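The values are calculated or read from the model by the stated rules, or taken from the named source; none is laboratory data. Small disclaimer: the values here were computed from a predicted structure and weren't measured. Glycine gets a Cβ as well: all are built from the backbone with ideal geometry, and neighbour counts include every protein chain shown. Please note that ligands, DNA and RNA were not included when accessible areas were found on the heavy atoms of the full protein model with its side chains. Shrake-Rupley method; radii C 1.70, N 1.55, O 1.52, S 1.80 Å.
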Amino acid sequence: MKEFALIFRLKNIADFQPSPEQMQERMNWLAGIAAQNKLVDKGNTLLPVPESAKTVRQDNMVTDGPYTEIKEFISGYIVVQTNTIDEAVEMAKENPIFKIGGSIEIREVLKRS
């Protein structure tokens, strides 16, 4: 099996404060993945928007903020285990983040030998 990171993105910081119902729906989705033994790492499933953050670039230039290149912010991630990326995509499609205009980026996790 391969491992895939599901990276949760939101466009509006106001969407970062989910209702209790939305949180329960998300937890149910996560529990379904765990019940299939496909949840590898819950990671920091909620990543707060930092009040003070910096990004260091390759040329050692330091800029304000972690998201200088995108118009949305990363709200969290999990790592799942599936046979193919298509299976991870199908798993992601069931996440309730889409109801609030969010998106999920899926990347294969490469392991070092």
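What do you get for GluC sites (Glu not before Pro) in region 76-107 restricted to DSSP loop and a cutoff of at most 15 other Cβ within 10 Å of the site's Cβ?
Values: sites: Glu87, Glu90, Glu94, Glu105; in loops: Glu94.
In loop regions of region 76-107 (DSSP not H, G, I, E or B), the sparsely surrounded GluC sites (Glu not before Pro) are Glu94.
Keeping all protein chains in the complex and leaving out DNA, RNA and ligands, what accessible area do you get for Lys11 with a 1.4 Å probe, in Å² to the nearest 10?
Lys11 has an accessible surface of roughly 150 Å² with all protein chains in place.
Expressed as a whole number of Å, what is the distance separating the alpha-carbon centroids of region 24-43 and region 81-113?
Centre-to-centre (Cα) distance: 12 Å.
Hey, if we sort Met91, Met1, Met27 by accessible area with the 1.4 Å probe, largest down, what's the order? Could the numbers behind the result be given before it?
Numbers: Met91 20, Met1 135, Met27 85 Å².
The ranking, largest first, comes out as Met1, Met27, Met91.
Which value in nm describes the separation of the simple spin-label points at Asp86 and Asn28, placed 7 Å from the Cα toward the beta carbon?
2.9 nm
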